[in-house]
1. Scanning segment 44-86 for residues that are touching a helix residue (DSSP H, G or I) at 6+ places or on another chain (Cβ under 8 Å), assigned to a loop (DSSP other than H, G, I, E, B) and touching a residue at least 24 places away in the same chain (Cβ under 8 Å), which turns out surrounded by the most Cβ atoms within 10 Å (Cβ to Cβ)?
2. If you take the residues in segment 108-129 that are under 15 Å from Asp148 (Cα atoms) and assigned to a helix (DSSP H, G or I), which one is nearest to the chain's Cα centre (by Cα)?
3. For residues that are touching a residue at least 40 places away in the same chain (Cβ under 8 Å) and of a type in the set (D, E, K, R), scanning just segment 29-43, find the one that is nearest to Ile217 (Cα to Cα).
4. Given the criteria of a type outside the set (S, T, N, Q) and closer than 27 Å to Thr208 by Cβ, does Val13 qualify?
5. Looking at segment 243-254, is at least one residue hydroxyl-bearing (Ser, Thr, Tyr), under 18 Å from Gly48 (Cα atoms) and modelled with pLDDT under 95?
6. Report, by residue number, each residue of segment 139-160 that is assigned to a helix (DSSP H, G or I) and either of a type outside the set (Lys, Arg) or buried (at least 21 other Cβ atoms within 10 Å of the Cβ) (or both).
7. Considering each of Ala213, Ala171, Ala163 in turn, give the residue that is assigned to a helix (DSSP H, G or I), of a type in the set (A, V, I, L, M, F, W, C), in contact (Cβ under 8 Å) with a residue 60 or more places away in the chain and out of contact with any helix residue (DSSP H, G or I) (no Cβ under 6 Å at 6 or more places or on another chain).
Amino acid sequence: MSDPKSQQTPVEVSVEDLFKSFGDHSVLAGVRLRICRGETIAIVGPSGCGKTVLLKHIMGTLAPDRGVVRVADHERPGSPLLNLADLSEDEMDEIRIHWAVVFQRNALFGGTVFENLALWPREVKRLSDDQIKPLAMKALADVGLDPDQLLAVKREALSGGMAKRVAIARALVMSPLLILYDEPTSGLDPVTGAQIHDLIARTHASPTDQGIARTTIIVTHDTELLRRLRPRVVMMSEGRIYFDGTFEQFIQSDLSLIRPYVQQMPLLHGRRHE
């Protein structure tokens, strides 16, 4: 099922006939996917279906056995799509300037909140700490944290929910055009998870320095995230795209793999209000 928006807006990511195996185990078996600029897309499916492997190919951290991944290069006029396989490491670094990744386990390192937020602006944009500090303070405020209280706090002192917010703030410091989330609510309680859902939505809608619409890709098992964010939903099964459509099409589908997801949504909604 193709997305009608793909005919109207620029493409941010294009995946064409992607295959990947590890030994004798086939993980991706001909994935085709076009993600348009400004979309929020959730990639769902059972464990082992290839969601995270697909995300790693989009990030360029895995190379396909066959097939092509093309991404928009916002360093060039018109943001042309480039084949990741053709790029040098330096060229990849230029593209990644406009990306941010929020990992399942946050990937915060030991040190203060400020040191975590300052890492990529120092390394990638060569900014000084004096230049970074106002960016870090704004990013923390944007995710609902008090920068005056948190900048000097050590990573170890953060709760799970606060660490996730700091991880998203670290992404926002770079004003990314593409944000990739890997299981952003994994291990969080329902109330904190709902706060992260709202934060992902606000982050997606917030303006970028370049004035270009932000694109959000989320790998998730969280059916409540689907219900609250109503993204375009891509379901994978056995290394292929099983469903690709709007949230409304997803919840109305009679496909056998989708029904268990849809049946969980009112149940979770009821628990939230209890």
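The values are calculated or read from the model by the stated rules, or taken from the named source; none is laboratory data. Keep in mind that this is a model prediction, so the values were computed, not measured. Every residue, glycine among them, receives a Cβ derived from its backbone with ideal geometry; neighbour counts consider all protein chains shown.
1. Gly45
2. Leu117
3. Out of the qualifying residues, it is Glu39.
4. Taking the combined requirement at face value, the residue satisfies it.
5. No, there is no match, as no residue in segment 243-254 is hydroxyl-bearing (Ser, Thr, Tyr), under 18 Å from Gly48 (Cα atoms) and modelled with pLDDT under 95.
6. Residues satisfying the conditions are Ala139, Leu140, Ala141, Asp142, Pro147, Asp148, Gln149, Leu150, Glu156, Ala157, Gly160.
7. Selected residue: Ala171, the only one of Ala213, Ala171, Ala163 that is assigned to a helix (DSSP H, G or I), of a type in the set (A, V, I, L, M, F, W, C), in contact (Cβ under 8 Å) with a residue 60 or more places away in the chain and out of contact with any helix residue (DSSP H, G or I) (no Cβ under 6 Å at 6 or more places or on another chain).
Let's see how each residue does on (1) crowded, with 19+ Cβ neighbours inside 10 Å; (2) farther than 16 Å from Leu140 by Cα; (3) of a type outside the set (Ser, Thr, Tyr); (4) touching an Asp or Glu at 6+ places or on another chain (Cβ under 7 Å):
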site	(1), (2), (3), (4)
Val166	yes, no, yes, no
Met174	yes, no, yes, no
Met235	yes, yes, yes, no
Thr246	no, yes, no, no
